[in-house]
Amino acid sequence: MKRFHVHIAVDNLQDNIRFYSALFGVEPAVTKSDYAKWMLDDPYINFAISATGAKPGLDHVGIQVDSDEALNEMNDRLVRADVPASEQKNAQCCYASSNKYWTVDPQGIAWEAFHSLKTIPMFGKDTSIPAKSESCCAG
C-alpha cells in the first residue's frame, strides 16, 4: 500500500499544529519541538510540518511505501519516466530512518519515494536532494 506524503516548512509550529489539527479533526501522531506529523486514513496521507529554518512553504512531496520491494517498484517507475533519482539507504531525517529515492519534477519540486524502517530520537539530516538544497532533508 502507498500513502501520499506532503511536507511543509512553517515559521510557527504551534500555530500550524493548531490549524492542521482543526482541519484534519485530529492531533498529530508525532509532535516534537520542531516537527509534527499526521498519519491520516481519510484522506490517506502522511502530512508533516517542520520549523527547522527552511524557507516556509511546500518543502517536498512523496510516496511512502510499506516495503523495500514497493520502494524498488517506485524507483523502476522513476527510471521509466526518464528522470534522475538519487538513492539513499538508511537516511536519517524527520525522526525516522528510511530507505528512499529522491528526484525533482519539471517544476523543481522535490519528490521522495521512501520506506521508513524505524523511528529515531532526532530530526536528523540525510544527504542533499539533487537541485533542491532548501529541503528539510538536504545537507
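Here are a few things to note about the model shown:
- The residue of the stretch 128-139 that is modelled with the lowest pLDDT, among those that are surrounded by 14 or more Cβ atoms within 10 Å (Cβ to Cβ) and in contact with a Ser or Thr (Cβ under 7 Å, 6 or more places away or on another chain), is 138.
- Residue 79 vs. criteria of a type in the set (A, V, I, L, M) and surrounded by 13 or more Cβ atoms within 10 Å (Cβ to Cβ): no
- Test: residue 33 is open to solvent by less than 50 Å² (accessible area, probe 1.4 Å), of a type outside the set (D, E, K, R) and either more than 16 Å from residue 60 (Cβ to Cβ) or touching a Ser or Thr at 6+ places or on another chain (Cβ under 7 Å) (or both): no
- Selection within the stretch 90-127: residues that are aliphatic (A, V, I, L, M) and not in a strand (DSSP E or B). The member of this set that is surrounded by the fewest Cβ atoms within 10 Å (Cβ to Cβ) is 122.
- Within this structure, residue 74 passes the test of being over 14 Å from the mean Cα position of the chain (by Cα), under 20 Å from residue 3 (Cβ atoms) and at pLDDT below 95.
- Here is the figure for the stretch 52-74: residues that are open to solvent by less than 40 Å² (accessible area, probe 1.4 Å) and either of a type outside the set (D, E, K, R) or more than 24 Å from residue 31 (Cβ to Cβ) (or both) total 12.
The values are calculated or read from the model by the stated rules, or taken from the named source; none is laboratory data. Just so it is clear, the structure is predicted and the values come from calculations on it, not from any experiment. Methodologically, a virtual Cβ is constructed for each residue, glycine included, from the backbone with ideal geometry; neighbour enumeration extends over all protein chains shown. Just the protein is used for accessible areas: all its heavy atoms, side chains included, with ligands, DNA and RNA removed. Shrake-Rupley method; radii C 1.70, N 1.55, O 1.52, S 1.80 Å.
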